[in-house]
Each structure stands twice: as structure tokens, then as C-alpha cells.
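The values are calculated or read from the model by the stated rules, or taken from the named source; none is laboratory data. The structure displayed is predicted, hence computed values, not measured ones. A quick note on method: Cβ atoms are made from the backbone with ideal geometry, for glycine too, and the neighbour counts reach across all protein chains shown. Just the protein is used for accessible areas: all its heavy atoms, side chains included, with ligands, DNA and RNA removed. Shrake-Rupley method; radii C 1.70, N 1.55, O 1.52, S 1.80 Å.
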Amino acid sequence: MNSKNKEFGLLFWLHLLLIVLAYTSPLWLDWKVILGIIIALQIYYLIRGGCDITFLELGNDTNTTFVWYYLQKFFSKLDQRKTKLFVRIIIPIILIANSFISQKIYGYRPYIILDL
């Protein structure tokens, strides 16, 4: 199998779809659900050492992230550690803050709401 076909195969597209859904989640998902998912995902990363889809796609290197692997093809000097920090810590904080501010302060109503 050609390595290019493996790199951009079914797992790539599944992974990309999940990332797009995650990054757009403040538009369609209640902030409490987003917070719960992010906490669960962080615990999962601690237990497993990373993402299983990335492991299946790119190997078991716990420092490699999907985002870094593909972005470094365009930006060859992209720092792996900083990218992992940005993807695993900064983006989740931005998602939580964005969803909370837009939904609680500005009154945006997402499609999926958790009313407790």
C-alpha cells in the first residue's frame, strides 16, 4: 500500500471529522456537555498516553498528535511539544470559554442542550 494512501485513508477522514465536530461544538452543543467531554478526554489521554485513532493511524508514539503530523508537512519547523500543548490544553480551554461565554452571557442556544 502506498504510504500516501495510508496517510489520507479512512482513519484520516474519521479523525478530521471528529476534530471539525469538536471545534464547532460551541455552535451545536451545550457548554456543560463540552466541559464533560473535554474532562473525560483529558483523563483518557492520561490513561492511554494519547489518542487511539492517532496510534492506529501513525503508530504508538505518545508525543505525536494528528494535528502536528499533518501540519509539519507544510511547516517543517513546527515544534512537536508546543503543538501538542496547544492542541491538548489551549484549544480545549478556548472551546470551553467560547461555549460558556456565547451560551451563558450572550444567550446563544445550541441545538443540543442539557437542562439539569
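Relative to the longest principal axis of the Cα atoms of the chain, the long axis of helix 91-100 makes an angle of roughly 20 degrees.
Against the chain, whose longest principal axis comes from its Cα atoms, helix 10-23 is set at around 30 degrees.
Farthest towards the positive end of the charge dipole of the chain, among the residues Thr62, Ala40, Gly107, is the Cα of Thr62, using unit charges on the Cβ of Lys, Arg, Asp and Glu.
How far, in degrees from 0 to 90, does helix 31-48 lean away from the longest principal axis of the Cα atoms of the chain, to the nearest 10? Computed tilt is about 30 degrees. Restricting attention to the range 7-116, lysine pairs at least eight places apart or on different chains and with alpha-carbon atoms under 29 angstrom apart total 5. For the range 1-77, the carbon plus sulfur part of the accessible surface works out to 71%, probe radius 1.4 Å.
Eigen-decomposition of the gyration tensor built on the alpha-carbon atoms of the range 34-94 gives equivalent ellipsoid semi-axes of 20, 15, 9 angstrom, largest listed first. Each Lys and Arg contributes +1 and each Asp and Glu -1, all at the Cβ; summed about the Cα centre of the range 1-80, the dipole is approximately 120 debye.
Dimensions of the chain based on its C-alpha atoms, expressed as ranges along the principal axes with the largest first, amount to 49, 28, 26 Å.
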